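Data first, discussion second: the structure below is written as structure tokens.
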Ligand SMILES: Nc1ncnc2c1ncn2[C@@H]1O[C@H](COP(=O)(O)OP(=O)(O)OP(=O)(O)O)[C@@H](O)[C@H]1O
Ligand SMILES: [Mg+2]
């Protein structure tokens, strides 16, 4: 069965599509794809908001994102009937806003100035993933928003699955037993439990206090006690966005390079989406070796290169060009085999391939070019 082609333009033009999520392992082109898709959708007439995470500085500048102010800004100079808003996720700011929106001012201040909160909000593994989801939820819920399509980039984690796992991990950390034990004194555990148990907790936290430092324990304790009464549970918020991601109006686009590790991650992610009943749009295979396969086969090119080198020496320019062509064809062949492993395991998943450009993508023209290539949906 031939692999179906990912029809990017029908996805972008479909008014029922309201959320696109670009995910994949580190460095494969998630941010580039998200920005390129958002620009293309806007230039084709949609009103789009793109949520980028850690874009390269030049790309951010090209989209008019010069400061990290955590709100979408209109991108000037787009060509076409739609509109494009772009923002960079400010993880700490988003976390602070959640606190401010959910606690009275005094309590919010108490949480925001808590050293444990400050460490958690800026460095806990998974916080960025959680906050990306939180921001997506906010952008989607915003009343009178000028956009009807949100394109989401995902954080640069090693595993693509972190985006789906981290919110639950963060919330179970905060709701979890470990924290409950740590914070037992702050919750008046001595009253609820027997005296013996209370004494046990006392010894336990006493030992931990020696290891972690008493101040850390107090910070964690007051933080969790404060957050517990004001948030109504991190898990609920994450669950709401999870439900949003399961709707038919969402499409996940899994991005990978034609390399074994990246495609293995893509495979895991595709399976996970199926388990979670989340809609998969398709796979983007990015940075494919660009080479004109109709020109000459690798064998012919190598044989010709050897003949010419024999006649005019190994420094011959023609011989070198022929060798380079052969190398590229072999590289393309290798990528093809690696990609076939994915298509063999997931024959129904539509694919779009994007060739590697000669230069990094750092301006609107570069994004347009990627968008065009994506829409051509070249066959595997
Ligand atoms: N098709 C392409 N041709 C040439 N360069 C590309 C292509 N796609 C992406 N790049 C470049 O590769 C680099 C990584 O891309 P990008 O930042 O989009 O990856 P990412 O998946 O978002 O990375 P991270 O996981 O770190 O967030 C960037 O410098 C980008 O310009
Ligand atoms: Mg990125």
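The values are calculated or read from the model by the stated rules, or taken from the named source; none is laboratory data. Bear in mind the structure is a predicted one, so any value in this text is a computation, not a measurement. When we count neighbours, we look across all protein chains shown, and the Cβ atoms used for this are built from the backbone with ideal geometry, even at glycine.
Key figures for this structure:
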{"item": "Some residue of the stretch 73-80 being within 16 Å of ligand 1 (Cβ to nearest atom) and either free of Cβ contacts under 8 Å to residues at least 40 places away in the same chain or closer than 22 Å to residue 133 by Cα (or both)", "result": "no"}
{"item": "Set 90, 54, 77, 69: member being closer than 30 Å to residue 118 by Cα, surrounded by fewer than 24 Cβ atoms within 10 Å (Cβ to Cβ), in the same structural domain as residue 283 (by TED's automatic domain parsing) and more than 16 Å from ligand 2 (Cβ to nearest atom)", "result": "69"}
{"item": "Residues of the stretch 105-132 classified as under 29 Å from residue 260 (Cβ atoms) and crowded, with 22+ Cβ neighbours inside 10 Å, total", "result": "3"}
{"item": "Single condition residue 361 does not satisfy, out of (1) buried (at least 19 other Cβ atoms within 10 Å of the Cβ); (2) within 25 Å of residue 7 (Cα to Cα); (3) outside the structural domain of residue 38 (by TED's automatic domain parsing)", "result": "(3)"}
{"item": "Residues that are within 14 Å of ligand 1 (Cβ to nearest atom) and farther than 17 Å from residue 357 by Cβ, drawn from the stretch 35-54", "result": "38, 50, 51, 52, 53, 54"}
{"item": "Qualifying residue in the stretch 124-143 (condition: over 30 Å from residue 249 (Cα atoms) and either within 16 Å of ligand 1 (Cβ to nearest atom) or in contact (Cβ under 8 Å) with a residue 12 or more places away in the chain (or both))", "result": "yes"}
{"item": "Which listed residue, of 21, 28, is in contact (Cβ under 8 Å) with a residue 12 or more places away in the chain, within 16 Å of ligand 1 (Cβ to nearest atom) and part of a strand (DSSP E or B)", "result": "21"}
{"item": "Complete set of residues in the stretch 354-376 that are over 11 Å from residue 58 (Cβ atoms), touching a residue at least 12 places away in the same chain (Cβ under 8 Å) and assigned to a loop (DSSP other than H, G, I, E, B)", "result": "356, 357"}
{"item": "Filter result for the condition that a residue is closer than 18 Å to residue 374 by Cα and at pLDDT below 90, over 356, 290, 309", "result": "290"}
{"item": "Matching residues in the stretch 19-51 - criterion: being near ligand 2 (Cβ under 10 Å from one of its atoms) and either under 20 Å from residue 280 (Cβ atoms) or modelled with pLDDT of 95 or more (or both)", "result": "22, 24, 28, 29, 30, 31, 32, 33, 34, 35"}
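One line per residue, one yes/no per condition, for (1) farther than 25 Å from residue 28 by Cα; (2) outside the structural domain of residue 16 (by TED's automatic domain parsing):
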{"residue": "247", "(1), (2)": "yes, no"}
{"residue": "255", "(1), (2)": "no, no"}
{"residue": "260", "(1), (2)": "no, no"}
{"residue": "272", "(1), (2)": "no, no"}
{"residue": "283", "(1), (2)": "no, no"}
{"residue": "306", "(1), (2)": "yes, yes"}
{"residue": "312", "(1), (2)": "yes, yes"}
{"residue": "318", "(1), (2)": "yes, yes"}
{"residue": "323", "(1), (2)": "yes, yes"}
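Every residue, every condition in (1) touching a strand residue (DSSP E or B) at 6+ places or on another chain (Cβ under 7 Å); (2) within 16 Å of ligand 2 (Cβ to nearest atom), yes or no:
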site: 298; (1), (2): no, no
site: 311; (1), (2): no, no
site: 318; (1), (2): no, no
site: 322; (1), (2): no, no
site: 335; (1), (2): yes, no
site: 340; (1), (2): no, no
site: 346; (1), (2): no, no
site: 360; (1), (2): no, yes
site: 367; (1), (2): no, yes
